[in-house]
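A short reminder: the numbers here are calculations on the coordinates, not readings from a lab. Bear in mind the structure is a predicted one, so any value in this text is a computation, not a measurement. For neighbour counting, all protein chains shown are included, and Cβ atoms are generated from backbone atoms with ideal geometry for every residue, glycine included.
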Amino acid sequence: MSIVVKIKTLPHAENLDLPAKATSLSSGYDLYAAVEEEVVIPPSQIALIPTGISLEIPRGYEAQVRPRSGLAIKHGITLLNSPGTIDADYRGEIKVIVINLGKENFIVRRGDRIAQMVFMRVEEVEFKKVDSLTGTSRGNKGFGSTGI
């Protein structure tokens, strides 16, 4: 099953590819850096990288922006606010919050595949206020309570 997502390219994305899957079975659509000049991200620093696209996501869906595993393992590059949620009513440019956790400067060049975007169904929820919840063996034991 596929959904239709309208995409608008912005002037600074001229000649860049549209989001695309690397293989037919890939879950994510690669997002490309729409930077005019190289962006140098020193170790422990953050940069906001534009993609030059805006989306119209259908009601009942979201897009999640996620790191690319190759950038993470090879360069220590990941995304803050990951996965980043793009709501169906957002019409602004998709930008990626990149952090360099590596030990060397990382350079983002125009057209680099900087992140990936996965579309997910979002269910509507109705909250029902109650006085108690059904018990479980875990109960209220939190962080680390189930072991390593």
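Before we move on, is residue 124 under 29 Å from residue 15 (Cβ atoms) and either acidic (Asp, Glu) or surrounded by 12 or more Cβ atoms within 10 Å (Cβ to Cβ) (or both)?
Taking the combined requirement at face value, the residue does not satisfy it.
The number of residues in the stretch 5-21 being without any contact (Cβ under 8 Å) to a residue 12 or more places away in the chain, in a loop (DSSP other than H, G, I, E, B) and of a type in the set (A, V, I, L, M, F, W, C) comes to 0.
For the stretch 81-131, taking the residues that are without any contact (Cβ under 8 Å) to a residue 60 or more places away in the chain and touching a Lys or Arg at 6+ places or on another chain (Cβ under 9 Å), the one that is nearest to residue 39 (Cα to Cα) is identified as 102. Summed over the stretch 76-116, the residues that are under 13 Å from the mean Cα position of the chain (by Cα), surrounded by 16 or more Cβ atoms within 10 Å (Cβ to Cβ) and among the polar types (S, T, N, Q) give a count of 2. Exactly one residue out of 73, 41 is exposed (fewer than 12 other Cβ atoms within 10 Å of the Cβ), of a type in the set (A, V, I, L, M, F, W, C) and over 14 Å from the mean Cα position of the chain (by Cα): that is 73. Within the stretch 23-59, being hydrophobic (A, V, I, L, M, F, W, C) and without any contact (Cβ under 8 Å) to a residue 60 or more places away in the chain holds for 25, 46, 48, 53, 55.
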